[in-house]
Amino acid sequence: QSGRPVEVDETHIKAIIDSNRHSTTREIAENLNVSHTCIKKNLRQLGYVKKLDLWVPHQVKKIHLTQRISIYDSLLKRNEIDPFLKRLITGDEKWVVYNNINWKRSWMMQDQSAQTTPKVEIHQKEIMLSVWWDYKGILYFELLPRNQTIISNMYVQQLAKLRDAVQER
(Lines give C-alpha, C1' and ligand atoms only; values in the text may rest on other atoms or scores of the structure.)
Protein backbone atom coordinates (compact mmCIF):
# COMPACT_ATOMS: atom_id res chain seq x y z
CA GLN A 1 0.00 0.00 0.00
CA SER A 2 1.30 3.41 -0.83
CA GLY A 3 2.63 5.59 1.97
CA ARG A 4 3.73 2.68 4.16
CA PRO A 5 7.44 2.38 4.93
CA VAL A 6 9.17 -0.52 3.23
CA GLU A 7 11.98 -0.98 5.75
CA VAL A 8 11.32 -2.35 9.22
CA ASP A 9 13.63 -2.96 12.14
CA GLU A 10 14.28 -6.70 12.52
CA THR A 11 14.48 -6.39 16.31
CA HIS A 12 10.82 -5.28 16.36
CA ILE A 13 9.80 -8.37 14.36
CA LYS A 14 11.86 -10.64 16.65
CA ALA A 15 10.29 -9.02 19.73
CA ILE A 16 6.75 -9.61 18.42
CA ILE A 17 7.52 -13.24 17.55
CA ASP A 18 9.19 -13.84 20.92
CA SER A 19 6.09 -12.50 22.68
CA ASN A 20 3.69 -14.57 20.54
CA ARG A 21 4.99 -17.31 18.25
CA HIS A 22 1.51 -17.71 16.73
CA SER A 23 1.42 -14.18 15.30
CA THR A 24 0.45 -13.99 11.64
CA THR A 25 2.31 -11.90 9.07
CA ARG A 26 -0.75 -9.68 8.78
CA GLU A 27 -0.87 -9.10 12.55
CA ILE A 28 2.84 -8.22 12.65
CA ALA A 29 2.45 -5.97 9.60
CA GLU A 30 -0.50 -4.16 11.15
CA ASN A 31 1.39 -3.73 14.41
CA LEU A 32 4.45 -2.27 12.63
CA ASN A 33 2.43 -0.40 9.97
CA VAL A 34 4.05 -2.16 6.99
CA SER A 35 2.80 -4.54 4.32
CA HIS A 36 2.52 -8.22 5.17
CA THR A 37 4.70 -9.07 2.14
CA CYS A 38 7.45 -6.95 3.68
CA ILE A 39 7.08 -8.96 6.90
CA LYS A 40 7.13 -12.26 4.98
CA LYS A 41 10.33 -11.20 3.22
CA ASN A 42 11.98 -10.15 6.49
CA LEU A 43 10.92 -13.34 8.27
CA ARG A 44 12.39 -15.41 5.46
CA GLN A 45 15.66 -13.44 5.65
CA LEU A 46 15.76 -13.96 9.42
CA GLY A 47 15.37 -17.72 8.90
CA TYR A 48 11.84 -18.08 10.34
CA VAL A 49 9.45 -20.66 8.88
CA LYS A 50 5.89 -21.58 9.88
CA LYS A 51 5.62 -25.02 11.47
CA LEU A 52 2.67 -26.81 13.00
CA ASP A 53 2.83 -27.21 16.75
CA LEU A 54 3.17 -30.75 18.04
CA TRP A 55 0.48 -32.00 20.38
CA VAL A 56 1.65 -33.81 23.49
CA PRO A 57 -0.69 -35.02 26.25
CA HIS A 58 1.32 -33.17 28.87
CA GLN A 59 4.78 -31.82 29.55
CA VAL A 60 7.02 -34.30 31.33
CA LYS A 61 8.76 -32.72 34.29
CA LYS A 62 12.30 -33.72 35.22
CA ILE A 63 11.13 -35.53 38.39
CA HIS A 64 8.63 -37.59 36.37
CA LEU A 65 11.30 -38.42 33.82
CA THR A 66 13.60 -39.58 36.63
CA GLN A 67 10.80 -41.73 38.08
CA ARG A 68 10.12 -43.31 34.69
CA ILE A 69 13.79 -44.15 34.19
CA SER A 70 13.90 -45.69 37.67
CA ILE A 71 10.80 -47.82 36.94
CA TYR A 72 12.17 -48.92 33.54
CA ASP A 73 15.47 -49.86 35.18
CA SER A 74 13.74 -51.92 37.89
CA LEU A 75 11.59 -53.70 35.28
CA LEU A 76 14.67 -54.59 33.24
CA LYS A 77 16.46 -55.92 36.34
CA ARG A 78 13.35 -57.92 37.28
CA ASN A 79 13.20 -59.29 33.74
CA GLU A 80 16.80 -60.56 34.06
CA ILE A 81 15.76 -62.67 37.07
CA ASP A 82 12.34 -63.72 35.74
CA PRO A 83 11.83 -63.03 31.99
CA PHE A 84 8.21 -61.92 32.41
CA LEU A 85 8.36 -59.66 29.34
CA LYS A 86 8.53 -62.76 27.15
CA ARG A 87 5.16 -63.85 28.54
CA LEU A 88 3.36 -60.66 27.48
CA ILE A 89 0.93 -60.75 24.58
CA THR A 90 -0.28 -57.52 23.02
CA GLY A 91 -3.20 -56.90 20.72
CA ASP A 92 -4.52 -54.04 18.66
CA GLU A 93 -7.20 -53.20 16.12
CA LYS A 94 -6.66 -50.94 13.15
CA TRP A 95 -8.69 -49.84 10.14
CA VAL A 96 -6.59 -50.61 7.07
CA VAL A 97 -7.21 -49.72 3.44
CA TYR A 98 -7.84 -52.83 1.41
CA ASN A 99 -6.23 -52.16 -1.93
CA ASN A 100 -5.68 -55.07 -4.28
CA ILE A 101 -3.83 -53.38 -7.13
CA ASN A 102 -1.12 -55.38 -8.85
CA TRP A 103 1.45 -53.13 -10.48
CA LYS A 104 3.26 -54.98 -13.24
CA ARG A 105 6.12 -54.15 -15.55
CA SER A 106 5.55 -54.81 -19.20
CA TRP A 107 7.87 -54.75 -22.16
CA MET A 108 7.29 -51.90 -24.60
CA MET A 109 9.15 -50.32 -27.43
CA GLN A 110 11.05 -47.23 -26.30
CA ASP A 111 8.73 -44.84 -28.15
CA GLN A 112 5.56 -46.49 -26.76
CA SER A 113 3.87 -45.13 -23.66
CA ALA A 114 3.32 -47.31 -20.61
CA GLN A 115 0.01 -49.06 -19.98
CA THR A 116 -2.41 -47.05 -17.92
CA THR A 117 -4.07 -48.15 -14.70
CA PRO A 118 -7.08 -46.18 -13.48
CA LYS A 119 -6.71 -44.33 -10.19
CA VAL A 120 -8.14 -46.04 -7.12
CA GLU A 121 -11.53 -44.83 -5.92
CA ILE A 122 -11.57 -41.89 -3.55
CA HIS A 123 -13.53 -44.00 -1.08
CA GLN A 124 -11.41 -47.11 -0.85
CA LYS A 125 -12.48 -50.20 0.99
CA GLU A 126 -11.48 -50.25 4.63
CA ILE A 127 -11.37 -53.38 6.70
CA MET A 128 -10.71 -53.93 10.41
CA LEU A 129 -7.50 -55.81 11.21
CA SER A 130 -7.23 -57.36 14.64
CA VAL A 131 -3.75 -58.63 15.48
CA TRP A 132 -2.14 -60.26 18.55
CA TRP A 133 1.62 -60.69 19.04
CA ASP A 134 4.36 -61.44 21.53
CA TYR A 135 8.12 -60.86 21.49
CA LYS A 136 8.63 -63.53 18.80
CA GLY A 137 6.05 -62.13 16.38
CA ILE A 138 2.40 -62.39 15.37
CA LEU A 139 0.44 -65.09 17.18
CA TYR A 140 -2.98 -64.54 15.64
CA PHE A 141 -4.65 -62.05 13.31
CA GLU A 142 -8.06 -61.69 11.84
CA LEU A 143 -9.54 -59.50 9.12
CA LEU A 144 -13.09 -58.71 10.15
CA PRO A 145 -15.92 -58.79 7.62
CA ARG A 146 -16.52 -55.45 5.90
CA ASN A 147 -18.29 -52.78 8.00
CA GLN A 148 -17.92 -54.82 11.18
CA THR A 149 -16.18 -53.63 14.33
CA ILE A 150 -15.03 -55.35 17.51
CA ILE A 151 -17.85 -56.05 19.94
CA SER A 152 -17.67 -58.01 23.18
CA ASN A 153 -18.72 -61.44 21.86
CA MET A 154 -16.31 -61.14 18.91
CA TYR A 155 -13.54 -60.13 21.33
CA VAL A 156 -14.23 -63.26 23.42
CA GLN A 157 -14.10 -65.41 20.26
CA GLN A 158 -10.77 -63.86 19.28
CA LEU A 159 -9.35 -64.50 22.74
CA ALA A 160 -10.37 -68.17 22.44
CA LYS A 161 -8.67 -68.41 19.02
CA LEU A 162 -5.62 -66.63 20.47
CA ARG A 163 -5.48 -69.16 23.33
CA ASP A 164 -5.53 -71.99 20.76
CA ALA A 165 -2.74 -70.29 18.77
CA VAL A 166 -0.61 -69.90 21.91
CA GLN A 167 -1.13 -73.55 22.89
CA GLU A 168 -0.26 -74.65 19.35
CA ARG A 169 2.99 -72.68 19.48
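The values are calculated or read from the model by the stated rules, or taken from the named source; none is laboratory data. As the structure is a prediction and not an experimental result, all values here were calculated from the model. FYI the Cβ positions are ideal-geometry reconstructions off the backbone, even for glycines, and counts take in every protein chain you see. We work out accessible area using only protein heavy atoms, side chains counted, and drop any ligands, DNA or RNA first. Shrake-Rupley method; radii C 1.70, N 1.55, O 1.52, S 1.80 Å.
Compute the FRET efficiency between K86 and Y155 as 1/(1 + (r/R0)^6), taking r as their Cβ-Cβ distance and R0 = 30 Å, and round to the nearest 0.05. Given R0 = 30 Å and the Cβ-Cβ separation, E is 0.80. K50 sits with roughly 150 Å² accessible to a 1.4 Å probe, with DNA, RNA and ligands left out of the calculation.
Rounded to the nearest 10 Å², what accessible area does I69 have for a 1.4 Å probe in the complete protein model? Counting only protein heavy atoms, the figure is 100 Å².
Regarding the chain, what's the average projected area of the Cα-atom convex hull, expressed in nm²?
Working: hull surface 91.6 nm².
The orientation-averaged projected area of the Cα hull of the chain comes to 22.9 nm².
Report the FRET efficiency, 1/(1 + (r/R0)^6), for T24 and V97, where r is their Cβ-Cβ distance and R0 is 45 Å, rounded to 0.05. After rounding, the FRET efficiency stands at 0.80. Listed values for the stretch 40-51 are Karplus-derived 3J(HN,Hα) couplings in whole Hz (6.51 cos²θ - 1.76 cosθ + 1.60, θ = phi - 60°), namely 4, 5, 5, 4, 4, 5, 7, x, 7, 9, 7, 10, and x replaces Gly and Pro.
Express the relative contact order of the chain as a whole percentage, based on alpha carbon pairs under 8 Å and six or more residues apart in sequence. Walk me through the intermediate numbers first.
Numbers: 120 pairs, mean separation 24.1, N = 169.
Relative contact order for the chain comes out at 14 percent.
Whole-Hz Karplus values for the stretch 68-75 come out as 4, 4, 4, 5, 4, 4, 5, 5 Hz, taken residue by residue from phi with 6.51 cos²θ - 1.76 cosθ + 1.60 and θ = phi - 60°; glycine and proline positions read x. Taking amide H positions as modeled 1.01 Å from N, with prolines and chain starts lacking one, the residues under 5 Å from Y140 and 5 or more places away or on another chain are W132. Working note: Karplus 6.51/-1.76/1.60 with θ = phi - 60° gives the stretch 134-148 the couplings 10, 5, 8, x, 6, 9, 7, 9, 8, 9, 6, x, 3, 6, 10 Hz, where Gly and Pro are set to x. In terms of accessible area, using a 1.4 Å probe and ignoring ligands and nucleic acids, H22, H12, H36 rank largest first as H22, H12, H36. Remark: accessible surface ordering of L52, L144, L159 (largest first) is L52, L159, L144, probe radius 1.4 Å.
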